Amino acid sequence: MRGLKVLPSGRPGRGRLYVNLPDGRAVGWYDRQTNRISVLAEDHREAVLRVLQPFLTGAVSVGPPPVPTAADLRRLALPPDADLAPNRPGEALLGELEHGSAGARARHRIRQDLAAQQRMGDALDALEAHGWRVLHCVPLPGLGRIDHLLLGPAGVLCVRTVPGRHQRASVGDLLLAVGRAAPRPDPRWARRAAARAGLALATRVTPALALVDTARLEVAPTVRDLRILHPLTAAPDLTSAEPALDPPTVESLYHRARDARTWLPG
């Protein structure tokens, strides 16, 4: 059938691909996470498969839409402008670069922060194949934004990402120093953000610092409550951690966390 259009939904490269008729009605979609094509009308089956063919990877199952789960119904009831799931790593920084009026030095710092968040975000997104869920750029009124919120079998982590700039980084109980720059209060911020996230989600949230592109990393022996992550080791470290949450609990927390209204002051 001519005129079918493929329209993406959600985060680029990760959300569903919808197949629509010229009048806007959907006749099917491809869920890239489950590798399944759902066909809404059998007489459009061959046309849907043909137009989706360039986007398919590996073995794909085809059939009618699955029966909605409770989580699906909650997601469908979520207003699009309240859904944080489509946020890309560094979403707010992309906006600052595109629409902000910062000077050259500030824009250079923003680009460094953005590159670090994108690299760490890509490493964390890879964990979704192991039962984890990830949200990026979660607004936290009064504290800014959580760079990455990680929910999975080992628990919930509130991740603050810091660019190492190929210099030595030193993590203390209260401050983080990178090279010769003035120490930053990132450890304290991560703890405060994790505490706020724990109240919002009604669960324990672990504060974490992600150090990207450091020449050498030193962590004070007194730092026991912060989880230290690195793009190359985050996946094996977290997937080998002792399970604390079952899959239904992870999904329930994820669907609560993706709703921007969850993070508004009570």
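The values are calculated or read from the model by the stated rules, or taken from the named source; none is laboratory data. Since the structure is predicted, the reported quantities are computational estimates derived from the model, not experimental observations. As a convention, Cβ positions derive from the backbone with ideal geometry for all residues, glycine included, and neighbour counts pool all protein chains shown. Areas reflect the complete protein model, heavy atoms only, side chains present, ligands, DNA and RNA absent. Shrake-Rupley method; radii C 1.70, N 1.55, O 1.52, S 1.80 Å.
Quick notes on this one:
- Each eigenvalue of the Cα gyration tensor of region 33-138, multiplied by 5 and square-rooted, gives one semi-axis; in descending order these are 36, 17, 15 Å.
- For the chain, alpha-carbon Rg over 2.2 N^0.38 Å: 1.12
- Normalised contact order of the chain, rounded percent, pairs of Cα under 8 Å and 6 or more residues apart: 16 percent
- Choice from VAL62, VAL205, VAL48 with maximal GNM fluctuation in the chain (Cα, 10 Å cutoff): VAL62
- Heavy-atom accessible surface of the chain, averaged per residue, reaches 53 Å², computed with a 1.4 Å probe.
- Column: log10 I(q)/I(0), Debye, Cα scatterers of region 160-266, q = 0.21 Å⁻¹: -1.17
- 17 Å tail of the calculated P(r), region 106-173, as % of Cα pairs: 50 percent
- Solvent accessible area, Å² - SER252, 1.4 Å probe, full protein context: 60 Å²
- Residue with peak Gaussian network fluctuation, the chain [Cα springs, cutoff 10 Å], from GLN112, GLN53, GLN167: GLN53
- DSSP beta bridges in region 113-246 [antiparallel fraction, %, rounded to 5]: 50 percent
- Put a plus charge on the Cβ of each Lys and Arg, a minus charge on the Cβ of each Asp and Glu, and nothing anywhere else: the dipole of the chain about its Cα centre is then about 740 debye.
- Over the residues of the chain, the helix contribution to mean residue ellipticity at 222 nm works out to -9000 deg cm²/dmol, using -39500 (n - 2.57) for each DSSP H run of at least 4.
- Measuring gaps between exposed loop sites in the chain (trypsin sites (Lys or Arg not before Pro); DSSP loop; at most 13 other Cβ atoms within 10 Å), the longest gap, sites not included, is 26-179.
- GLN167/LEU56 FRET efficiency (R0 45 Å; Cβ-Cβ; nearest 0.05): 0.55
- Share of carbon and sulfur in the accessible heavy-atom surface of the chain [1.4 Å probe, %]: 54 percent
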